[in-house]
1. Got at least one residue in region 4-14 being in contact (Cβ under 8 Å) with a residue 24 or more places away in the chain, over 16 Å from GLY81 (Cβ atoms), more than 8 Å from the ligand (Cβ to nearest atom) and crowded, with 18+ Cβ neighbours inside 10 Å?
2. Of everything in region 22-37, what is without any contact (Cβ under 8 Å) to a residue 60 or more places away in the chain, away from the ligand (no atom under 15 Å from the Cβ) and open to solvent by 10 Å² or more (accessible area, probe 1.4 Å)? Give them in sequence order.
3. Out of region 161-179, which residues are more than 11 Å from the ligand (Cβ to nearest atom) and of a type in the set (Ser, Thr, Tyr)?
4. Quick check on my filter: what residues within region 1-52 are touching a strand residue (DSSP E or B) at 6+ places or on another chain (Cβ under 7 Å), among the polar types (S, T, N, Q) and closer than 19 Å to ILE107 by Cβ?
5. Could you please tell me which pairs satisfy a Cβ distance under 8 Å, a separation of 6+ or placement on different chains, a first residue in region 179-200 that is at positive phi, and a second residue that is open to solvent by 40 Å² or more (accessible area, probe 1.4 Å)?
6. Please report, ordered by residue number, the helices (runs of 4 or more DSSP H) entirely within region 53-160 with at least 2 residues that are within 13 Å of the ligand (Cβ to nearest atom).
7. Being closer than 30 Å to GLU190 by Cβ and either among the small types (Gly, Ala, Ser) or out of contact with any helix residue (DSSP H, G or I) (no Cβ under 8 Å at 6 or more places or on another chain) (or both) is the filter here, so list the residues in region 152-168 that pass it.
Amino acid sequence: MNIAVFASGKGTNLQAIIDAVSRGEIKAVISLVIGDRSNAKALDRAKKAGIKAVYINPRDFSSREEFDKKAISYLEKNNVGLVVLAGFMRLLSPYFVKKYRNRIMNIHPSLLPAFKGTSGIKDAWEYGMKITGVTVHFINEDLDAGPIILQKPVMIEETDTLESLEEKIHRTEHQIYPEAINLFIEGRLEVKGRRVKIRE
Ligand code: GRF
C-alpha cells in the first residue's frame with residue numbers, strides 16, 4: 001500500500017515512520033510527503049530519504065477545500081491508500097474528510113479527549129496531571145475527535161520538567177505511530193461508530 005505523510009514542522013514522527021518502513025516494520029511505501037510550509041524540516045527529511053516532497057502553498061488557494069483538492073490530486077496520482085498526518089498544522093476540509101473517511105490518521109500528544117488543540121503537552125503539564133500520553137486516531141469533522149486507534153499513557157513524575165515530559169511524549173509517539181500505521185496496512189482496524197476494533 002502507498003501512504004502519504006502530511007507535515008508542517010520538524011518531522012520527527014515522519015522520520016520514525018521512514019525508519020520503521022526501512023526496517024520492514026511497516027509494510028508500505030511512503031509515496032510522498034506533503035508540506036504546507038516551505039521551510040518545514042519534514043520536507044528535507046523526505047528528500048534525504050529519497051521520497052517525493054511536495055510543498056503546497058496555502059496562499060495559492062482561495063479556500064481550504066481548494067487547497068485540499070490540490071493535495072488530493074497528488075494522492076490520486078500516487079494511488080495513496082492511507083494519509084498520515086504528522087504534525088500537520090492545517091485543518092482538513094469536510095470534503096477531504098468525507099472522501100478519505102477512516103483513511104486519515106493523526107497523532108496527538110495527550111490522552112484525548114483531554115487537552116485537545118495545539119499545546120497538548122504543555123496544557124497537561126500546567127494542569128498538574130500525573131498521567132498524560134499519546135493518542136493515534138482517525139480524523140473526523142471535529143478537531144482531535146475522531147475514533148481512537150491506539151493510546152499509550154506517559155507518567156508525569158516528580159522529577160519531570162516540561163522539557164523532559166516533551167521528550168517522553170515524543171519517544172512514545174515515535175513508538176506507537178508506526179505501530180498504528182502497520183495495523184491499518186495489515187487490514188486489522190475495524191471502525192464501528194466511535195470504537196476501533198483491532199483484529200487478531
Ligand atoms: C507531535 O507532537 C504530534 O503529536 C503533534 O505535532 C507534533 C509533531 O512533531 N501533532 P514532529 O513534526 O513529528 O516532530
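The values are calculated or read from the model by the stated rules, or taken from the named source; none is laboratory data. Since the model is a prediction, treat every value here as computed from it, not as a measurement. So basically every Cβ, Gly included, is an ideal-geometry build from the backbone, and we count neighbours across all protein chains shown. SASA here: full protein model, heavy atoms, side chains in, ligands and nucleic acids out. Shrake-Rupley method; radii C 1.70, N 1.55, O 1.52, S 1.80 Å.
1. Pass one, region 4-14, residues in contact (Cβ under 8 Å) with a residue 24 or more places away in the chain: 4-14.
Next, only the ones that are over 16 Å from GLY81 (Cβ atoms) stay: 7-14.
If we keep only those that are more than 8 Å from the ligand (Cβ to nearest atom) as well, we get none.
Within region 4-14, not a single residue is in contact (Cβ under 8 Å) with a residue 24 or more places away in the chain, over 16 Å from GLY81 (Cβ atoms), more than 8 Å from the ligand (Cβ to nearest atom) and crowded, with 18+ Cβ neighbours inside 10 Å.
2. Filtering region 22-37 for residues without any contact (Cβ under 8 Å) to a residue 60 or more places away in the chain gives 22-24, 29-37.
Checking which are away from the ligand (no atom under 15 Å from the Cβ) leaves us with 22-24, 29, 31-32.
If the condition is that a residue be without any contact (Cβ under 8 Å) to a residue 60 or more places away in the chain, away from the ligand (no atom under 15 Å from the Cβ) and open to solvent by 10 Å² or more (accessible area, probe 1.4 Å), then SER22, ARG23, GLY24, VAL29, SER31 are the ones that fit.
3. Across region 161-179, the qualifying residues are THR161, SER164.
4. Filtering region 1-52 for residues touching a strand residue (DSSP E or B) at 6+ places or on another chain (Cβ under 7 Å) gives 1-8, 13-14, 17-18, 21, 28-35, 38, 40, 42-43, 46-47, 51-52.
From what's left, among the polar types (S, T, N, Q): 2, 8, 13, 31, 38.
Result: SER8, ASN13.
5. GLY187/ARG199
6. On the way: elements: 64-77, 94-99, 120-127.
Those helices (runs of 4 or more DSSP H) span 120-127.
7. Listed by number, the list holds a single entry, PRO153.
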